[in-house]
Amino acid sequence: MDIDVQRLLFDFLGGLGIFLLGIKFMGEGLQKSAGDRLRDILDRFTSNPFLGVLAGIVVTVLIQSSSGTTVLTVGLVNAGFMTLRQAIGVIMGANIGTTVTAFIIGFDLGAYSLPIIAVGSFLILFFKNQKINALGQAVFGFGALFFGLDLMSSGMSPLRDLETFHELTQSMSNSPILGVVIGTVFTLIVQSSSATIGILQGLFTEGAIELKAAIPVLFGDNIGTTITAILAAIGTSVAAKRAALTHVIFNVIGTVVFMLLLGIFTVYIGYLQQALDLNPAMTIAFAHGNFNIMNTIIQFPFIGALAWLVTKIIPGKDVLIEYNPKHLDPIFVQQSSALALDQAKAELIRMGEYAFQGLEETNAYLTSHQQKHAEMARQIEGALNNLDRHITNYLVDISRGSMSELESEKHTALMDTVRDIERIGDHFENIIELIDFKISNKVVITEQAQEDLNNMFDLTILTVKQAIKALDTMDREEALAVVQKEDKIDKMEGVYRKKHIIRVNEGVCDASAGIVFVDIISNLERIGDHAVNIAEEVLS
């Protein structure tokens, strides 16, 4: 019996490991094949909650993880890309999308798992093309998923003859809440609802568990899968925490409703099994799919109420970086080039204020090493990239119409300025990476070097702020002051570089600290160049 228990454990744990690896590989392969368009899908197709549900389904099918989709959604809400109401739709869709894995398992391809793994391996090993590699990864994961399931099933088959296990399933039949708890806890541990469903499908196929006992486990696994989103929301914005809490509430409400209707739901699934002649694994897949689709249909009309509830539970004003533009109304492009250019400039000033704010956060990160400053600066950099794209497209649309000579000059100036502001974001992102390197490699910067960095940072921030102000008011005096300050920054960079070489030669400063120092002042000097470019647009 000892050998049997050992084999049971080895087969089950090994199978579970291969199964989880298979899902990960399949999701990553599909994700690479889809390119980096997943955030785009979520950002673009969530204008209303119904489209959000569809976007949630598509992305979850592509990455094979409802938790993954929810984590992405939490990130987008955190960044201001998505409102809470839109996020709730995506989370509902993610719950439906995750049932696809169970349906894939329902097609019993276990006998073909090894040849599928072989095909995937060949595509990974013998082809240099990245797209083919990504496809190979997805195919390999697909095969590994079935191979792992087969191993788990063979490990679990002796369980039906085990008295203790028989008593446990009997208890689950008599007390469905126990099934919910087991499903929740197991999914919390393995962090994959698909794995819990896969095990359930294996047990049901082996006849080790009844349908009446299996369905509550399904409900529990939907609660357990919310833990990943909760972990992702720790330390994020209020809006992101609300999105993660919505995931929990949505699944808990669904479980409560369906536990009250457990008898009817079990009879319904039993009827489907007979009417459609479903194999055991497919029966569980249908139970999972029906539960999530019905739960979404029931709760969809109450998205507003869900949003209100989580706002009450997690109060507080949210600090958001608005990624999307506020002033670029397409109606002005048709009506008047002059008005449209004013709109573009208003958005550009907003973008410039973000660049200035991002620099301040980067400076705060350098002095305090607090991650919240790095996180905020990265979010601002993301917003700058997004605004750059929107403003440039808007300016391109304006250029298709007729413009006077003066408007044409203003248009060119705005086009150049957008690029300069976007580049400021790139440079402070470089500085953040250098500070990350400094922290992770325990690089020590001398007091003198730190003081030099602070001086140069202060002057650079002031210069950028003044350049944006000059652009806003078209003030030549302000613009000339920017040119003078930038000249100072250039001289500062030269002086500080020489002082640094002396420190290295005297052995006061080590090489790695030197690299960080020189690269930071070099990036600050380049930011000064972009500020002066903005000022010169005003002067010209």
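The values are calculated or read from the model by the stated rules, or taken from the named source; none is laboratory data. In this text, all values refer to a predicted model and were calculated from it rather than measured experimentally. Please note: Cβ atoms are built from the backbone with ideal geometry, for glycine as well, and neighbour counts cover all protein chains shown. Just the protein is used for accessible areas: all its heavy atoms, side chains included, with ligands, DNA and RNA removed. Shrake-Rupley method; radii C 1.70, N 1.55, O 1.52, S 1.80 Å.
Of all residues in the stretch 459-510, which are of a type in the set (D, E, K, R), free of Cβ contacts under 8 Å to residues at least 40 places away in the same chain and farther than 18 Å from residue 417 by Cα?
Hits for the stretch 459-510 are 477, 487, 488, 490, 491, 493, 497, 498, 506.
Tell me yes or no: at least one residue of the stretch 36-56 is among the aromatic types (Phe, Trp, Tyr), under 19 Å from residue 222 (Cα atoms), assigned to a helix (DSSP H, G or I) and at pLDDT 80 or above.
no
Can you say whether residue 303 is open to solvent by less than 70 Å² (accessible area, probe 1.4 Å) and over 30 Å from residue 469 (Cα atoms), as far as the supplied structure shows?
Yes; evaluated as a whole, the condition is true for this residue.
Within the stretch 503-519, is even one residue surrounded by fewer than 13 Cβ atoms within 10 Å (Cβ to Cβ) and closer than 24 Å to residue 433 by Cβ?
The answer is yes; a qualifying residue exists.
If we scan the stretch 509-525, do we find a residue that is touching a Ser or Thr at 6+ places or on another chain (Cβ under 6 Å) and more than 28 Å from residue 351 (Cα to Cα)?
Looking through the stretch 509-525, at least one residue is touching a Ser or Thr at 6+ places or on another chain (Cβ under 6 Å) and more than 28 Å from residue 351 (Cα to Cα).
Which of the residues belonging to the stretch 386-404 are open to solvent by 60 Å² or more (accessible area, probe 1.4 Å) and either among the polar types (S, T, N, Q) or within 18 Å of residue 532 (Cα to Cα) (or both)?
Answer for the stretch 386-404, where residues must be open to solvent by 60 Å² or more (accessible area, probe 1.4 Å) and either among the polar types (S, T, N, Q) or within 18 Å of residue 532 (Cα to Cα) (or both): 393, 402.
Step by step: first the residues of the stretch 301-334, then only those that are charged (D, E, K, R) and farther than 19 Å from residue 380 by Cβ, then the one that is modelled with the lowest pLDDT. Which residue is that?
329
With 73, 83, 99 as the choices, which residue is buried (at least 24 other Cβ atoms within 10 Å of the Cβ) and either out of contact with any helix residue (DSSP H, G or I) (no Cβ under 7 Å at 6 or more places or on another chain) or within 15 Å of residue 247 (Cβ to Cβ) (or both)?
73
So which of 234, 230, 249, 223 ends up being farther than 30 Å from residue 378 by Cβ and among the hydrophobic types (A, V, I, L, M, F, W, C)?
Sole residue among the options that is farther than 30 Å from residue 378 by Cβ and among the hydrophobic types (A, V, I, L, M, F, W, C): 223.
Could you tell me which of the residues 105, 124 is crowded, with 19+ Cβ neighbours inside 10 Å and in a helix (DSSP H, G or I)?
Result of the check over 105, 124: 105.
What is the one condition in (1) modelled with pLDDT under 90; (2) open to solvent by 20 Å² or more (accessible area, probe 1.4 Å) that residue 480 does not satisfy?
(1)
If you check 296, 266, 246, which single one turns out to be surrounded by 22 or more Cβ atoms within 10 Å (Cβ to Cβ) and of a type in the set (Ser, Thr, Tyr)?
Of 296, 266, 246, the one residue that is surrounded by 22 or more Cβ atoms within 10 Å (Cβ to Cβ) and of a type in the set (Ser, Thr, Tyr) is 246.
Being buried (at least 17 other Cβ atoms within 10 Å of the Cβ), outside any helix (DSSP H, G or I) and of a type outside the set (Lys, Arg), is that true of even one residue in the stretch 221-233?
yes
Across the stretch 405-456, what is the number of residues that are open to solvent by 70 Å² or more (accessible area, probe 1.4 Å), part of a loop (DSSP other than H, G, I, E, B) and in contact (Cβ under 8 Å) with a residue 24 or more places away in the chain?
Here the count works out to 2.
How many of the residues in the stretch 269-293 are out of contact with any Phe, Trp or Tyr (no Cβ under 9 Å at 6 or more places or on another chain), polar (S, T, N, Q) and open to solvent by less than 30 Å² (accessible area, probe 1.4 Å)?
The total comes to 1.
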